[in-house]
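Participant: Questions regarding the structure given below will be posed in turn.
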């Protein structure tokens with residue numbers, strides 16, 4: 001556990017909670033940024049540009065930091081990536097831009113993510129509006145879902161001159177960046193600034209409106225020329241084990257989301273088991289620690305090697321004092337007479353080589369059952385899909401994964417496009433925020449091409 | 001968004017960023033790529049003959065891990081026949097009619113030679129001519145380049161010859177290898193030049209190889225001085241530009257050259273009286289795309305300053321450049337150290353203690369923490385501590401009010417002379433005259 005982290009089993013003061021959820025990593029200081037930006041080689045046809053899913057011109061934005069052209073730097077970033085401020089904090093940069101930096105071979109890679117944050121932090125502080133809407137083209141678009149993919153599509157469509165309306169079910173737009181990423185890595189204010197930048201382009205962002213309930217699919221199809229579906233994913237699925245309804249069982253998505261708006265003492269002094277080993281599971285575990293949990297264990301039926309969380313997430317969890325129950329599968333949640341969680345019954349697993357040569361298969365070890373004494377269980381075993389809405393739209397999908405043309409992001413209904421997590425899965429798409437942003441952009445480009453450019457060409 | 005268009009002596013350019021006559025402007029392919037990248041103008045690499053290739057030809061000075069602080073070359077003028085160049089100049093101008101295309105020329109100091117080359121080049125359609133009186137090596141041996149650029153009478157005469165034949169504006173490029181740059185600048189103006197460009201490269205030897213004892217660069221074991229350019233020469237160039245800009249006898253527009261690597265450098269030259277700037281080394285180091293941030297950075301800067309056009313910037317600092325004798329001797333600043341930002345590296349202390357006025361004291365506070373304090377009454381305001389300080393905002397130079405009104409050396413001497421005409425000033429020549 002980090003030195004500054006307060007969690008001693010007792011309840012935490014509001015101030016301690018606030019500190020625990022304040023952004024962990026400090027921004028670069030001016031001298032650091034100048035030194036680092038001057039270290040960039042300004043490569044030609046640089047690999048970092050190609051490694052960025054949104055194709056940010058990295059050497060260009062870094063050069064601009066070195067010449068003091070901060071506005072130009074922020075524009076270069078946000079032009080390619082409408083959620084570039086959030087991405088500077090949440091991108092797995094060592095697997096993307098920084099991993100591709102040629103200086104890996106001779107020195108240390110440039111701290112691209114930190115420089116990107118430095119430039120976008122400057123933009124946030126400056127209060128400047130970076131882009132303007134294009135002259136109206138007479139076309140309208142409804143964007144369903146105000147997360148990274150939806151906002152990105154909305155921003156680009158607005159710049160093309162579309163009249164854009166975003167329908168967001170939650171109170172605020174920003175999606176995962178606003179509600180799903182822990183505050184100590186991404187403060188909500190960053191995501192909301194990105195939303196505001198897009199609102200300033202004249203995009204009508206209607207929050208608290210559920211498509212399919214508050215407004216029908218039919219209405220959207222009648223009122224708009226085109227729909228961009230960017231609804232992401234839904235709640236964590238059921239484990240399908242006994243005790244799931246007990247008091248003290250949480251959905252990791254809901255749990256993390258709650259910490260974005262209010263920090264409570266709910267977890268203070270508790271023993272917590274988090275089921276799963278992805279990035280959301282790590283988030284739930286570290287949030288629990290920072291809310292004052294006495295002990296936090298991540299329970300995973302495979303081993304460290306198969307863990308899907310990024311390496312830096314795993315390291316972060318370890319630093320926060322999270323413990324790991326590898327090769328352990330929950331089989332029952334145990335409750336007391338009052339219906340409160342008191343334990344998690346698990347069995348030990350072993351891994352067997354898969355017959356098809358794929359990921360090793362976990363197999364229960366007979367007679368290895370044991371019980372973890374816990375007060376709370378957080379489920380983080382993936383996310384379900386917004387099936388009812390997808391069904392209402394009447395578009396092709398595979399178990400909720402909407403089928404799109406990989407180039408145009410058009411669905412089986414030519415007037416409906418889809419981007420982001422709603423198309424991720426089954427070998428299609430990518431799970432990263434930055435990929436969602438790029439898909440939103442690409443969907444916007446192909447909409448513009450189909451509805452405006454092609455028509456112009458044909459008179 | 002601010003307007004970046006400029007006109008230098010009648011030559012229009014979409015922005016003030018030109019490529020200097022140098023390797024980057026050797027061919028039509030290169031100049032066209034540069035225009036595509038955003039450069040507003042280019043001065044085609046000097047035409048002339050004979051064609052000679054030196055190998056090797058470049059060397060650079062790296063400073064503390066940063067590459068190309070300075071750059072040195074012993075390359076000569078164009079390495080291609082005149083006809084090939086003229087054809088490509090024609091093609092380039094045809095493809096980019098809105099860009100500034102100037103051609104650099106160098107011929108023997110003979111009237112008919114100048115007439116001949118000027119006519120040939122203007123016949124293909126160019127926006128202007130630049131006379132190369134600056135190249136410090138190779139051509140000088142034959143009475144060209146800096147050999148003629150160092151003699152004001154030759155500059156004037158050759159400018160006149162070129163002007164006799166020229167229909168487009170003539171820019172004279174000056175060599176810095178001279179004691180007083182305004183002497184040749186004025187000569188160019190007298191010869192009828194429409195503008196001057198400066199500086200060309202400075203005589204230099206980039207280095208000596210500690211293993212082979214050869215010069216860097218060397219040609220088969222022998223070296224000769226080359227021309228120095230790049231970031232390291234910027235202050236020298238900026239002074240020369242400023243001296244020309246503030247001299248009424250020069251009085252013609254200036255194209256600034258010398259170590260300009262980004263929009264900030266360029267802006268300084270514009271403020272000091274350059275109508276446009278020419279760049280070479282930075283492009284050779286990073287490619288033509290550097291112009292993108294030059295344009296973007298300058299535009300954002302002008303917008304920030306509330307200026308609608310770059311022309312509102314040109315020359316704005318010239319009036320602030322003067323002679324030492326005009327500086328206010330009663331103006332005073334002192335150093336002040338901000339403990340919150342100071343990292344206690346003690347570099348200011350030792351710089352002051354060993355090499356300036358021994359007025360930065362080392363102290364320890366009650367908690368045992370070290371800190372530095374300026375004894376302001378002894379501080380002469382030399383700036384040295386703030387120069388060696390590695391941290392932003394740790395040392396500020398603060399103006400201290402003076403009890404005496406502003407007084408320059410020249411005013412002081414004039415006042416003394418007025419009080420006591422027999423004992424005025426210390427200029428013995430003047431005293432005799434009185």
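Just so it is clear, none of the values below were taken in a lab; they were calculated from the coordinates. A quick note: this is a predicted structure, and the numbers were derived from the prediction, not measured. Every residue, glycine among them, receives a Cβ derived from its backbone with ideal geometry; neighbour counts consider all protein chains shown.
Participant: Could you identify which residue out of B:261, B:403, B:13 has the top mean-square fluctuation in a GNM of chain B using Cα springs shorter than 10 Å?
Facilitator: Answer for the Gaussian network model of chain B: B:403.
Participant: Using the number of other C-beta atoms within 10 angstrom as an exposure proxy, rank B:114, B:18, A:122 with the fewest first.
Facilitator: On the way: B:114 25, B:18 31, A:122 18.
If I rank by nearby Cβ atoms, fewest first, I get A:122, B:114, B:18.
Participant: Can I ask one more? Any number yet on Rg/Rh for the stretch A:377-459, C-alpha, Kirkwood?
Facilitator: Working: Rg = 14.7 Å, Rh = 13.8 Å.
With Rg and the Kirkwood Rh in hand, the quotient comes to 1.06.
Participant: Within a 10 angstrom radius of each residue's Cβ in A:39-47, how many Cβ atoms of other chains show up on average? Whole number is fine.
Facilitator: Details: counts 2, 0, 2, 6, 2, 3, 1, 0, 0.
Mean shielding count: 2.
Participant: Percent antiparallel among DSSP beta bridges with both residues in the protein assembly as shown, to the nearest 5?
Facilitator: 45
Participant: Here is a further query. Using only Cα atoms and rounding to the nearest 10 degrees, what angle (0 to 90) does helix A:252-261 make with the longest principal axis of chain A?
Facilitator: That works out to roughly 70 degrees.
Participant: Moving on to the next point. Using the Cα atoms as the points, what is the convex hull volume per residue of the stretch A:228-286 in Å³?
Facilitator: Cα convex hull per residue, to the nearest whole number: 121 Å³.
Participant: Here's another thing I want to ask about it. Fewest Cβ neighbours within 10 Å first, please rank A:170, A:200 accordingly.
Facilitator: Numbers: A:170 17, A:200 14.
Ordered by Cβ neighbours within 10 Å, fewest first: A:200, A:170.
Participant: Nearest-5 percent of antiparallel DSSP beta bridges in the stretch B:248-383?
Facilitator: 55
Participant: For the protein assembly as shown, treating each Cα as an identical point scatterer without solvent, what Debye log10 I(q)/I(0) comes out at q = 0.07, 0.09 1/Å?
Facilitator: Result of the Debye calculation: -0.76, -1.06.
Participant: Compute the distance from the alpha-carbon center of the stretch A:56-118 to that of the stretch B:231-302, in whole Å.
Facilitator: Going from one Cα centre to the other spans 28 Å.
Participant: Can you pull the mean other chain C-beta count within 10 Å for peptide A:59-67?
Facilitator: Per residue, the number of nearby Cβ atoms from other chains is 4 on average.
Participant: Sorted by packing (mean other beta-carbon atoms within 10 Å per residue), highest first, where do B:119-126, A:46-53 land?
Facilitator: A:46-53, B:119-126
Participant: Run lengths n ≥ 4 of DSSP H only: what is the helix-derived mean residue ellipticity at 222 nm for chain A, with -39500 (n - 2.57) per run over all residues, to the nearest 500? Walk me through the numbers on the way to the answer.
Facilitator: Working: 17 runs with 157 residues, N = 459.
The per-residue figure over chain A is -10000 deg cm²/dmol.
Participant: Under 25 °C and 0.890 mPa s, how fast does the stretch B:345-400 diffuse according to Stokes-Einstein, given a Kirkwood radius computed over C-alpha pairs? Answer in µm²/s, whole number.
Facilitator: D, rounded to a whole number, is 209 µm²/s.
Participant: Still on this structure, I have one more. Take each of the peptides A:231-238, A:435-442, B:390-397, average the number of other beta-carbon atoms within 10 Å over its residues, and list them starting from the highest.
Facilitator: Sorting A:231-238, A:435-442, B:390-397 by mean packing, highest first, produces A:435-442, A:231-238, B:390-397.
Participant: In addition: How well do other chains shield peptide B:60-67, expressed as the mean number of their Cβ atoms within 10 Å of each residue Cβ?
Facilitator: Mean inter-chain Cβ contacts per residue within 10 Å come to 1.
Participant: Which angle between 0 and 90 degrees, to the nearest 10, do you get for helix A:433-448 versus the longest principal axis of chain A when only C-alpha atoms count?
Facilitator: 30
Participant: To one decimal place, what orientation-averaged projected area in nm² is obtained for the convex hull of the Cα set of the stretch A:92-224?
Facilitator: Averaged projected area of the stretch A:92-224's Cα convex hull equals 9.9 nm².
Participant: Take every Cα pair under 8 Å in the stretch A:249-379 that's 6+ residues apart, average their separations, divide by the length, and report that relative contact order as a whole percent.
Facilitator: Relative contact order comes out at 27 percent.
Participant: Suppose the Debye formula is applied to equal point scatterers at every Cα of the stretch A:1-103; what is log10 I(q)/I(0) at q = 0.13, 0.18, 0.22, 0.25 Å⁻¹?
Facilitator: -0.59, -0.89, -1.18, -1.45
Participant: Take every Cα pair under 8 Å in chain A that's 6+ residues apart, average their separations, divide by the length, and report that relative contact order as a whole percent.
Facilitator: Values: 976 pairs, mean separation 79.0, N = 459.
Rounded, it is 17 percent for chain A.
Participant: Another question, if that's okay. What does DSSP give for the stretch B:6-320 in terms of the percent of beta bridges that are antiparallel, rounded to the nearest 5?
Facilitator: Values: 17 of 45 bridges.
The antiparallel proportion sits near 40 percent.
Participant: Using a 10 Å cut-off around each Cβ, can you sort B:96, A:160, B:17 from fewest to most neighbouring Cβ atoms?
Facilitator: Fewest-to-most Cβ neighbours within 10 Å comes out as B:96, A:160, B:17.
Participant: Based on the Kirkwood radius over alpha-carbon pairs, what is the Stokes-Einstein translational diffusion coefficient of the stretch B:278-434 at 25 °C with 0.890 mPa s viscosity, in µm²/s?
Facilitator: 119
Participant: How high is the relative contact order of chain B? Use alpha-carbon pairs under 8 Å, at least six apart in sequence, and give a whole percent.
Facilitator: With pairs under 8 Å counted, the relative contact order is 14 percent.
Participant: Right, something else. Compute the acute angle (0 to 90°) between the alpha-carbon long axis of helix B:181-190 and the principal axis of greatest extent of the alpha-carbon atoms of chain B; round to the nearest 10°.
Facilitator: 40
Participant: Taking only the C-alpha atoms, wrap a convex hull around chain B and report its volume per residue in Å³ as a whole number.
Facilitator: Residue-normalised Cα hull volume stands at 202 Å³.
Participant: Can you give me the Cα centroid spacing of the stretch A:395-416 and the stretch A:278-355 in angstrom?
Facilitator: Comparing the Cα centres of the stretch A:395-416 and the stretch A:278-355, I get a distance of 35 Å.
Participant: Mean 1/r over all different Cα pairs, inverted: what Kirkwood radius does chain A give, in Å?
Facilitator: Result for chain A stands at 23.4 Å.
Participant: Quick check: Cα centre of the stretch B:341-359 to Cα centre of the stretch B:32-72, how many Å?
Facilitator: The stretch B:341-359 and the stretch B:32-72 have Cα centres spaced 40 Å from each other.
Participant: Go ahead and estimate [θ] at 222 nm for chain B from helices alone: -39,500 (n - 2.57) per DSSP H run with n ≥ 4, summed, over the residue count, rounded to 500.
Facilitator: Taking each H run of at least 4 residues, the total per residue is -9500 deg cm²/dmol.
Participant: Further, regarding this structure: Just the number, please: Stokes-Einstein D of the stretch A:249-379 in µm²/s, Kirkwood Rh from C-alpha pairs, 4 °C, 1.567 mPa s.
Facilitator: The estimated diffusion coefficient comes to 85 µm²/s.
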